[in-house]
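Worksheet: the structure to be examined is printed underneath.
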Amino acid sequence: MDSNKVLIIQHDVIRRLGITPSQCVRWVEESFGIKHQATLPPKSSIHPQGDDFFNTMPALLPAEYGRFSVKEVHRIEGQVPALGSDILLYDSITGRLLAMMDADWITAMRTGAVAALSYRLFARQGATCVGFMGLGNTARATALCLLDDNRDKQFSFTLLRYKDQADDFMNRLCGYDNVTFDVVDTVEQMLDKVQVLVSCITSASGLVCSDDSRFPAGMLLIPVHTRGFQNCDLFFDKVFGDDTAHVCGFKYFSQFKRFDELSSVLRGLAPGRENDDERILCYNIGLGLHDAVYASKIYDMIVENGIEVESFNQIKETAKAWV
């Protein structure tokens, strides 16, 4: 490939690559496995107005990958969809820009894959009754990864009703024969039915459920966007996170009964679930590491398979002194 060529990798190109949800779970498992070798500066967050944000997420992969990426993700109220993201992928050996990449698919699928991996690691034995709150792209990605990564299990998904989203959600998953559905109107009804709760709501003005007794023994709680479950910080038996820096500023962090990183469990350095009665809470805020691994693998798939995409030649000044 021309050393000056920068690929422009659009959303539709990524979707046409045929990456399966179960492959997405394997990629996040791989990325957690190399977390201790990667360089992950804290994300920076800038708020232009209200709750809107621009987050910048750099990540340097281990030397054998030879890749660095930086992702910009934003949420702007009133835009459709509200969340958007882009990635710049570099060769970390030469510093050359390899690709400009739409990251919406990557963001959704790596987030869903992390939730599905959390289920694999921390759900109690035989827990196949899963509740979903907030039924947008992130919840769909989580459901796809759960079903595809656990073809041998028969799931029951309980959905919290919101407008017509439950019907759309069920229609999106109609190709899977290992799931049945139920729709409820209240969080309390959901907590009476499920063993695993995945919350993908993007905002909450208060607690989702203030009655601690409604959270059953053995529950796995995965609040993808972290909102509305602060009371659970105080009485759940274990809390796991994707990165300590993401949660150490939480109001009740010092009062967690037990905390560790998901990557430590994968590497056998910390225990995960130790009995079926433990209530476990997973705060996976989102790592630029996952984005970097996904972007690197997608770039390689396109190059190795000779897939034609948009590109441009980046002409850089080569003289040492040019001013």
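No lab work stands behind these numbers, since they all come straight from the coordinates. Since this is a predicted model, take the numbers as computed values, not measurements. As a convention, Cβ positions derive from the backbone with ideal geometry for all residues, glycine included, and neighbour counts pool all protein chains shown.
Note on K153: aspartates and glutamates with a C-alpha under 12 Å away, same-chain residues under 8 apart excluded, are D177.
Counting only DSSP beta bridges with both residues in the chain, the antiparallel share comes to about 50 percent.
Computed over neighbours whose Cβ is under 13 Å from that of A127, the net charge equals +3, Lys and Arg +1, Asp and Glu -1. The helix-only estimate of mean residue ellipticity at 222 nm for the chain, built from DSSP H runs of length n ≥ 4 each weighted as -39500 (n - 2.57), is -8500 deg cm²/dmol after division by the residue total. Between D192, D233, D149, the Gaussian network model of the chain with springs among Cα atoms under 10 angstrom shows the greatest mean-square fluctuation at D192. Give the shape of segment 1-117 as rounded, prolate or oblate, defined through the alpha-carbon gyration tensor: a ≥ b ≥ c are the square roots of its eigenvalues, a/c under 1.5 means rounded, and otherwise the shape is prolate if a/b is larger than b/c and oblate if not. Rounded shape, in that the Cα axes give a/c under 1.5.
In plain terms, the chain from D167 to T202 could stretch by 10.6 nm, reckoned as 0.36 nm per residue minus the Cα-Cα distance.
Ordering L262, F215, N55 by Cα displacement along the dipole of the chain toward the positive end leaves L262 in first place; charges were set at the Cβ atoms of Lys, Arg (+1) and Asp, Glu (-1). Overall, the chain carries a charge dipole of about 460 debye about its Cα centre when +1 sits on the Cβ of Lys and Arg and -1 on the Cβ of Asp and Glu, all other atoms neutral. When the charge dipole of the chain is built from unit charges on Cβ atoms (+1 for Lys and Arg, -1 for Asp and Glu) and taken about the Cα centre, the candidate among Y119, G131, L287 whose Cα reaches farthest toward its positive end is L287. When the charge dipole of segment 153-200 is built from unit charges on Cβ atoms (+1 for Lys and Arg, -1 for Asp and Glu) and taken about the Cα centre, the candidate among Q165, C200, F181 whose Cα reaches farthest toward its positive end is C200. Working note: Karplus 6.51/-1.76/1.60 with θ = phi - 60° gives segment 198-214 the couplings 10, 10, 10, 5, 9, 8, 8, 7, x, 6, 5, 8, 8, 8, 4, 5, 6 Hz, where Gly and Pro are set to x.
Only the Cβ atoms of Lys and Arg (+1) and of Asp and Glu (-1) were treated as charged; on that basis the dipole of segment 121-283 about its Cα centre amounts to roughly 220 debye. Taking E64, E310, E72 as the candidate residues, the one with maximal mean-square fluctuation in a Gaussian network model of the chain, Cα springs under 10 Å, is E64. What does the charge count around I307 come to, taking other residues whose C-beta lies under 14 Å from its C-beta (Lys +1, Arg +1, Asp -1, Glu -1)? Charge balance near I307 sits at -1. Each of the trypsin sites (Lys or Arg not before Pro) that DSSP puts in a loop and that has at most 16 other Cβ atoms within 10 Å breaks the chain; the longest unbroken stretch is 1-95.
With K and R counted +1 and D and E -1, the other residues having a Cβ less than 9 Å from that of F32 yield a net charge of -2.
What the phi angles of segment 232-239 give under the Karplus curve with 6.51, -1.76 and 1.60, with θ = phi - 60°, is a coupling list of 5, 4, 8, 10, 5, 6, 9, 10 Hz, glycine and proline written as x.
Computed from Cα atoms, the angle from the helix 21-33 axis to the main principal axis of the chain rounds to 80 degrees.
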